[in-house]
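What follows is calculated from the coordinates using simple rules that are stated; it is not laboratory data. Remember, predicted model here, so these are calculated numbers, not experimental data. Positions of Cβ are generated from backbone atoms using ideal geometry, with glycine treated the same way; all protein chains shown enter the neighbour counts.
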């Protein structure tokens, strides 16, 4: 999925002549901590509430100050994973989208990102979740898929988490079946370590926790 498919225009960008006080009002209204600044359709940078709190006078125009996030943006043709990495690295509440010529197109919010990740990872589809703990050298994707499919099920999505100073991987499988007991037994029969399993749909809070963990993992 590419960035332009997530594009939103729900939040109007600031102009360089808008005051810091006006920016804080919008941030409070939309419960965000960042806003893009645009001049003549060209993206100037991203201002944070921290930047504003450092102003001597909140009635000054935002364009009068150097921005700490002048390079916080993503191009419309980039992949959603690029957006996740920038969100994670800069701890953003929203991310501006621009063209190659730096023309402002809109934003992506964390809520937008989570909603689309839910589709990518099959979260909205009913089915069980299995978390395996595997040694890196023993990880074979085709074997895992074969075990699932031998029980008349399909892998809707798979994610891998690695850990510092460890050779263990945590492999999370989202399946298309709610009844996963036979699949669990097959994994155990093949000496896989089942760290956890879930039989119900993953709710929003659980998805957000995994999203935050993913962003933390991508924070390089």
What full-extension length gain, to one decimal in nm, is calculated for residue 7 and residue 26 as 0.36 nm per residue of separation minus the Cα-Cα distance? 4.9 nm
Along Cα→Cβ, 7 Å out, is where each label goes; now give me the distance between the ones at residue 181 and residue 159 in nm to one decimal. 2.9 nm
Starting with the fewest neighbours, write out 59, 18 ranked by other beta-carbon atoms found within 10 Å of each beta-carbon. 59, 18
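Please figure out what share of the DSSP beta bridges in the range 32-107 is antiparallel and state it in percent, rounded to the nearest 5. Let's see the in-between values first.
Numbers: 11 of 13 bridges.
The antiparallel proportion sits near 85 percent.
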Residue order, fewest to most beta carbons within 10 Å, for 192, 75: 75, 192
Round to a whole angstrom and tell me the spacing of the C-alpha centers of the range 1-54 and the range 116-132. 32 Å
Distance (nanometres) between label positions extended 7 Å along Cα→Cβ at residue 138 and residue 193: 0.7 nm
Counting only helical runs of four or more DSSP H residues, what would the 222 nm mean residue ellipticity of the chain come to if each run contributes -39,500 (n - 2.57) and the total is spread over all its residues? -9500 deg cm²/dmol
Taking a cut-off of 24 Å, what percent of all Cα-Cα pairs in the chain are separated by more than that? 53 percent
Using alpha-carbon coordinates, inclination of helix 80-90 to the longest axis of the chain, degrees: 60 degrees
GNM, the chain, Cα, under 10 Å: largest mean-square fluctuation among 95, 69, 46? 69
Let me understand the range 1-109 better: what is its radius of gyration from the alpha carbons, and its Dmax, in angstrom? 13.2, 42
Roughly how compact is the range 112-164, stated as its Cα Rg over 2.2 N^0.38 Å to two decimals? 1.30
Who wins for biggest fluctuation among 97, 62, 194 in a Gaussian network model of the chain, springs between alpha carbons below 10 Å? 194
Of all DSSP beta bridges located in the chain, what percent are antiparallel, nearest 5? 90 percent
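What list do you get for 115, 177, 189 if you sort them by fewest beta carbons within 10 Å?
On the way: 115 15, 177 18, 189 9.
Going from sparsest to densest Cβ surroundings: 189, 115, 177.
When N is the residue count of the range 1-59, what does its C-alpha Rg come to as a fraction of 2.2 N^0.38 Å? All intermediate terms of the calculation are to be shown ahead of the outcome.
Values: Rg = 12.4 Å, N = 59, 2.2 N^0.38 = 10.4 Å.
Against the compact-globule rule of thumb, the ratio is 1.20.
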